[in-house]
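The values are calculated or read from the model by the stated rules, or taken from the named source; none is laboratory data. If you're wondering where the values come from, they're calculated on a predicted model, not measured in any experiment. Here the Cβ positions follow ideal geometry from the backbone for every residue, glycine too, while neighbour counts run over all protein chains shown.
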Amino acid sequence: MSALHVPCHFFDTSCSMPIDTAASWGFESVRIDGRRGRKRQPSPRSCGPRHPASIPSADGTCHLFRLPRELLDIIYEFALTEDQALFSLPTTDRKIAGGYSRQSKKLFLCKFGHKEANRIKYTCKKLFFETRGLSIRYNVITFARNDYIPSHAQFFHFLKHCSPRITHRIRVEIVDWVLASPGPPTPRVERWSDIYRTDVPSAFIDSLHELLGFCATHPNARIIYRTCILSNRDHGLIFLIRAIALVAALRNVHLAPTLLPHPRLAAEVDRMMNKIRGTADVSVPNLSNLRIMPLETEFDVGEFINGLYSGSPSLKSRVWRVIIGRNDDKLEQIIEMIGEWHMRGI
């Protein structure tokens, strides 16, 4: 007859020991619901001082991986979540075959790549595989344009290193200009005709269509696209035309009749809207997981007003008639709308 087995640990009912061995360990026989059971008595060994967690054990055993999976996930999330976004940098230190087309697998805490994120993976091989990809899950990843690779191209190069499970939930901020640079040169607007000479670059439209396609197939991903075509360094009227055209192209909301009630400017908005849409599928616009935001993170109202009324005296007078006209509240509406774009995006 086989020996009777009883549990030896409160949380692990699969571990058991023979009844004669349990008696030698200081268990007391009791009656529980008419059945014979065992109740453990305290022993001198269990009442002794506990080993300090900060000091490694004598035999080198790591007890971290003995914790339940739920606790390990909480520890990893706490250790790998950063207060600011992480940076992904291209490998542009030297030219490789095929051009500058590689993206580093590492993520960094600064835009210069001086300090790497997730350094606990170098502790041991098991932590390396346990924490692989968790920094992408718990943080926002920033891609900034440099002299060789556009920011959206860096993003798609980086996706080659990611598994489909991580790709479907990635959170990204794409900056369309070098973060260390004050920004692209802005053509000076002096005459009314200069307003109509500005256009949306084809490179921006191509990158926007690629991001629209990605967001349509990855609804749980989140992308913020900070573009230099929406910059406070541009003339205020040019900023308004481009922003209103983007709202019409992506959200199917037409703000030109309200904010720019001028036939020539309305025609310019429609032309730019059609160019932005191009051959893209706009049957399902208004993707909630893609936001187009101005290049600057903060909106300076004074700088915007000064730029709005810059240029020649004739340009200032025409802008004043278009923006203000007979409605004194229109400028306040425009400033409120631009502040909303800086806060939540288009």
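Every listed requirement among (1) within 13 Å of the chain's Cα centre (by Cα); (2) of a type outside the set (S, T, N, Q); (3) part of a helix (DSSP H, G or I) is met by Lys126 save one, (1). When the residues of segment 171-214 are filtered to those that are among the aromatic types (Phe, Trp, Tyr) and either closer than 30 Å to Tyr309 by Cα or touching a strand residue (DSSP E or B) at 6+ places or on another chain (Cβ under 6 Å) (or both), which remaining residue is modelled with the lowest pLDDT? My answer is Trp177. Among the residues of segment 230-255, what is the count of those that are crowded, with 19+ Cβ neighbours inside 10 Å, more than 14 Å from Ile195 (Cβ to Cβ) and without any contact (Cβ under 8 Å) to a residue 40 or more places away in the chain? Total satisfying the criteria: 2.
Name every residue in segment 134-147 that is surrounded by 14 or more Cβ atoms within 10 Å (Cβ to Cβ) and not in a strand (DSSP E or B), in order of residue number. Reasoning before the result, please.
Filtering segment 134-147 for residues surrounded by 14 or more Cβ atoms within 10 Å (Cβ to Cβ) gives 134-146.
The answer is Leu134, Ser135, Ile136, Arg137, Tyr138, Asn139, Val140, Arg145, Asn146.
Residue count for segment 47-82 satisfying the condition of being assigned to a loop (DSSP other than H, G, I, E, B) and modelled with pLDDT of 85 or more: 4. The residues of segment 187-225 that are closer than 16 Å to Asn274 by Cβ, assigned to a helix (DSSP H, G or I) and in contact (Cβ under 8 Å) with a residue 60 or more places away in the chain, listed by number, are Tyr196, Ile205, Leu208, His209, Leu212.
Taken over segment 294-309, the criterion of being in contact (Cβ under 8 Å) with a residue 40 or more places away in the chain, out of contact with any helix residue (DSSP H, G or I) (no Cβ under 6 Å at 6 or more places or on another chain) and under 16 Å from Ile334 (Cβ atoms) is satisfied by Asp300, Glu303, Ile305. Residues that are out of contact with any Lys or Arg (no Cβ under 9 Å at 6 or more places or on another chain), modelled with pLDDT under 70 and not small (Gly, Ala, Ser) within segment 322-336 comprise Arg326, Asn327, Asp328, listed in sequence order. Any residue that is at pLDDT below 80 and touching a helix residue (DSSP H, G or I) at 6+ places or on another chain (Cβ under 9 Å) - is there at least one of those in segment 215-227? Scanning segment 215-227, I find no residue that is at pLDDT below 80 and touching a helix residue (DSSP H, G or I) at 6+ places or on another chain (Cβ under 9 Å), so the answer is no. Filtered by the rule that a residue be over 27 Å from Pro263 (Cβ atoms), β-branched (Val, Ile, Thr) and outside any helix (DSSP H, G or I), segment 285-323 gives a lone residue, Thr297. On the stretch given as segment 226-271, residues that are of a type outside the set (D, E, K, R), part of a loop (DSSP other than H, G, I, E, B) and under 27 Å from the mean Cα position of the chain (by Cα) total 7.
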